[in-house]
Amino acid sequence: MSIAMDSDDDMLFADDVGESVELNSATKWKIMLVDDEPDIHEVTKMALGGFDFDGRSVEFISAHSGAEAKDLIMEHPDTAVMLLDVVMESDHAGLDVARFVRESAENKTVRIILRTGQPGQAPEREVITEFDINDYKEKTELTSQKLFTLMYASLRSYRDIIALEANKRGLERVIAASTNIFELQNLQHFTQGVLEQITSLLHLDHDAAYLKADGLAAAHEGDDLRVIAGIGAFETLVGQNGVNNLDPVVVKDLLGAIKEEHNFYKDGRFTGFFKSSRGTENLVHMSGLGELSELDRSLLDVFANNVGVAFENIELHQDIEETQREIVYMLGEAVETRSKETGNHVKRVAEISKLLALDIGLSAEEAEVVRLASPMHDVGKIGIPDAILNKPGKHTPEEWAIMQTHAQLGYDMLKNSKRRILRAGAIIARDHHEKWTGGGYPRNLKGEDIHIYGRISAVADVFDALGSDRCYKKAWPMEKVIDLFKEERGRHFDPQVVDSLLNNLDRVIAICDHFAD
């Protein structure tokens, strides 16, 4: 299945079974024969020769003792059926294996069929009550026909259990992602869960992806067709341009759906199409479907349309967030322009702040907040008169007192916002002129009483300010800037943040060069 979205990192869920198992039509059903009599192995294989279920043949795994069976079930957790003898190296070896499979190996999916030639050794009622087995047969009653029937029923049960497990994992992803669906990093998780859900519900092969075509038409072969989420063969293509990396047959399906603007099925493949009100085109592609009932086709059509609507709502929310971020950036640049600085100063401070935040251990999410909020560090300068703000010479004590009020002014402007970025901007505006050992403004804080956002932005701001021309000074040579930070480490600036700056100096300078005035 194919669909397009932006994505980041991946979400993990614990399964009830020791190891998750997925079905693939290219694999065989694994049947484990556990019996200390070699003839039983041969007879069973002969009786099931040519056996086929749901388009897949069987693979036999032989164990001649309980101990060997325990090792093999750990090697093959995807075993579908275990035909298990009771009496082997001990009178209860088979029962020990059954308990091991369920408890130690934590394998709840394999269907265990207990076979015994000595019913008295393991009474059926007692075994069924005390052990998690799925059937109990005397060897004498397992004719070829009955063995065929038993195998068919067991594999059907196993297939459905695996489908339910996959269905459960898909639901877990959707539910977990829906709690914070509008966070960018969870768009892929949400869609990934939806893909797993639909493929498991329909007992489909698990090659599926979700893509987004930004204005792509069938005639525009070079345009962007991004893979947002994928499972199976499409999993490794997430984030890539589908036109360049997908199989040409799949690309042809996708471009055909865009051209015709509707869903269609062809040779066991489904391509769903949804065009948002904003003009973006979203696609769902699924491979390995085989013959589908009318009900399954209707379900796929509804699925494609509903996921498209959900994704459009997510896009609209993202647009709002991106607009807010852009306004914050533009306001920061406007402040710098008023004080006769270039807007690139706030860009450099933003990128340097994020680099330092990540390096000292802040999460990627929090580092991004620092990056987006740091352009507001001098927003309070809006309230400072031009004559003081842009004075080329040294300020008088009275002028300097007024100049210092910009930190508190910036905080007061932003502090009541309910938006996380603006609240972070308020903190940075207030705290980025405090000093590690005290003596800063506006609150004369010390050490870790200064918010970490302010400590990070202080280093980024001063580094860029010293290395840039200002109305009252020329840019310092880099050697002098570095000496200043070494001298003020643990005095003006947080020593950890200074160490991070000096350890990443090449990357910091690269940022400054990239956003040079």
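One residue stands out among those in the stretch 427-450 that are among the β-branched types (Val, Ile, Thr) and touching a Phe, Trp or Tyr at 6+ places or on another chain (Cβ under 7 Å): the one that is least open to solvent (accessible area, probe 1.4 Å), which is ILE428. Here is a check on your reading of the model: is ALA67 among the small types (Gly, Ala, Ser) and at pLDDT below 90? It is false that ALA67 is among the small types (Gly, Ala, Ser) and at pLDDT below 90. Of all residues in the stretch 385-421, those satisfying the criterion of being open to solvent by less than 70 Å² (accessible area, probe 1.4 Å), over 26 Å from ARG371 (Cβ atoms) and without any contact (Cβ under 8 Å) to a residue 24 or more places away in the chain are PRO385, ILE388, HIS395, THR396, GLU399, ALA401, MET403. Of all residues in the stretch 329-365, those satisfying the criterion of being surrounded by fewer than 22 Cβ atoms within 10 Å (Cβ to Cβ), modelled with pLDDT under 90 and among the hydrophobic types (A, V, I, L, M, F, W, C) are MET330, LEU331, ALA334. Cβ-Cβ contacts under 6 Å between residues 6 or more apart (or on different chains), taken from a first residue in the stretch 475-499 that is under 21 Å from ALA510 (Cα atoms) to a second residue that is open to solvent by 30 Å² or more (accessible area, probe 1.4 Å) and at pLDDT below 95, are listed as ALA475/GLY467; ALA475/ASP469; VAL481/GLY467. Which of the residues spanning the stretch 84-106 are open to solvent by 10 Å² or more (accessible area, probe 1.4 Å) and either touching a residue at least 40 places away in the same chain (Cβ under 8 Å) or over 12 Å from ASP132 (Cβ atoms) (or both)? Matches in the stretch 84-106: VAL87, MET88, GLU89, SER90, ASP91, HIS92, ASP96, SER104, ALA105, GLU106.
Inside the stretch 25-43, residues that are closer than 20 Å to GLU75 by Cβ and at pLDDT 90 or above make up a count of 9.
Could you tell me which of the residues ILE61, ILE112, ILE73 is within 22 Å of ARG159 (Cβ to Cβ), open to solvent by less than 70 Å² (accessible area, probe 1.4 Å), at pLDDT 85 or above and in contact with a His (Cβ under 8 Å, 6 or more places away or on another chain)?
ILE61
In summary, ARG115 fulfils each of the numbered conditions (1) touching a residue at least 40 places away in the same chain (Cβ under 8 Å); (2) not in a strand (DSSP E or B) with the single exception of condition (2). Can you name the number of the only condition in (1) hydrophobic (A, V, I, L, M, F, W, C); (2) at pLDDT 90 or above; (3) in a loop (DSSP other than H, G, I, E, B); (4) open to solvent by less than 50 Å² (accessible area, probe 1.4 Å) that TRP476 fails? It fails just one condition, (4). Taking only the stretch 479-517 into account, find how many residues are within 38 Å of the chain's Cα centre (by Cα), in a loop (DSSP other than H, G, I, E, B) and under 24 Å from GLU448 (Cα atoms). Going through the stretch 479-517 one residue at a time, the tally reaches 2.
The values are calculated or read from the model by the stated rules, or taken from the named source; none is laboratory data. Since the structure is predicted, the reported quantities are computational estimates derived from the model, not experimental observations. Positions of Cβ are generated from backbone atoms using ideal geometry, with glycine treated the same way; all protein chains shown enter the neighbour counts. These accessible areas exclude ligands, DNA and RNA; they are computed on the full protein's heavy atoms, side chains included. Shrake-Rupley method; radii C 1.70, N 1.55, O 1.52, S 1.80 Å.
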